[in-house]
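Worksheet for the structure shown next.
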Amino acid sequence: MPRVVLEPIGVELDCDEDETVLEAAFRQGYNLVHGCREGQCTACKSFLLEGDVSLEPYSTFALSDSEEAQGYTLLCRALPDSDLVVELLHVDEDALRLEHPIREGRARVAGLTALTHDIVRLDLDVLEPADFAFTPGQYVDVGIPGDEDGATRSFSMANLPAEGRLELVVKRYPGGRFSGLLDPADPQLAVGDELAIKGPYGAMHLRDTTRPVLLVAGGSGIGPVLSLLRRLAQVRSTRPVRFFYGARTRDDLLLGDEVAALGAQLADFAYVPVLSEDVWDGATGLVHEAAAAALAAGEVEAPEVYTCGPPPMVEALQALLTTRHGVPDADIAFDKFTTAAETADL
């Protein structure tokens, strides 16, 4: 059984046959920085100091051939061929241990609500485990009904834990094996239907500081950001909070009343919807540029950044904040919303 040493934290893991390094870490109670778990998002990219690995299918956008040749790897895809010494490129010591165990369970459909023409809210009541819990910012795997191979789709929770319910914001894709079941006009999932779940996953969480918070989301990426915002409102945070949400048109804006109600509970809050393909009195253009402009103008100083949405948006924001505005990588928590279609192309 290969042994894996994780530097600079000095943790040693044992890795079962056909088990990735990330899976081994989960099994032994460690919550290494990760995102999609499908070789798509770069969150778990690390460097091999010693040893060799075989890689399960992954996207070369997440790990290029030249990076692999230099010794970089993706922990969610890496199967050890020998003992390893791995240098973690991203370490969150505040969340190094799993706060909530990753478990399988069942949930019952409690509601399906259209939020826009292609985004819905799916409410699930957790049946088991009865004490299922998560940290705001995390996500859960949901089983595709009737799939013999146990295929799943991943969705972030938009609600707070300890409610016995999962509120998922889901973008519908034509022909989607799961999202295609969620057309409110012709739903293939009915209230009362049961679904398999597994989780929680994800390393994004609010840090316990007094620093300003910069939230940036696009599309269904509003889900985990809404969970973070609900937590800030729950504790009546006095931290300055700025929320930039990107959409194409006014018809694509969602949950504005909810955001306003939560913001009213905060001492210093501003919400800026940004439209990329519409003309109106509000902000226009690309949401990552609007957020960066606010930083440049001093509207938010030295923030912690939490961003969720399509990979191009997240990557553009990361590049802009780090290269032009000096925001350290460690201060940017992200969740790239890859699609099943992207994964299937691997």
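Quick notes on this structure:
- Heavy-atom accessible area per residue - the chain, 1.4 Å, Å²: 45
- Amide H partners (placed H, <5 Å) of residue 41, local residues excluded: 36
- Using a 4.7 Å Cβ-Cβ cutoff, the cysteines of the chain lacking any partner cysteine are 15, 44, 76, 308.
- Residue 90 exposes around 80 Å² of accessible area when a 1.4 Å probe is run over every protein chain in place.
- Shape of the range 95-254, Cα gyration tensor, a/c cut at 1.5: oblate
- In terms of its C-alpha gyration tensor, the range 16-84 comes out oblate, because a/c is 1.5 or above while a/b does not outweigh b/c.
- Here the chain has 47 percent of its accessible surface on carbon and sulfur atoms, given a 1.4 Å probe and all protein chains in place.
- Over the chain: helical MRE at 222 nm, DSSP H runs n ≥ 4 each giving -39500 (n - 2.57), nearest 500: -5500 deg cm²/dmol
- Each other residue within a Cβ distance under 10 Å of residue 63 adds +1 if Lys or Arg and -1 if Asp or Glu, for a net charge of -1.
- Area accessible to solvent at residue 44, 1.4 Å probe radius, in Å²: 10
- Shape of the range 185-258, Cα gyration tensor, a/c cut at 1.5: oblate
The values are calculated or read from the model by the stated rules, or taken from the named source; none is laboratory data. Please read these numbers as outputs of a predicted model, since none were measured by experiment. Glycine also receives a Cβ, built like all others from the backbone with ideal geometry; neighbour counts cover every protein chain displayed. Ligands, DNA and RNA are excluded from the accessible area calculation, which covers all protein heavy atoms including side chains. Shrake-Rupley method; radii C 1.70, N 1.55, O 1.52, S 1.80 Å.
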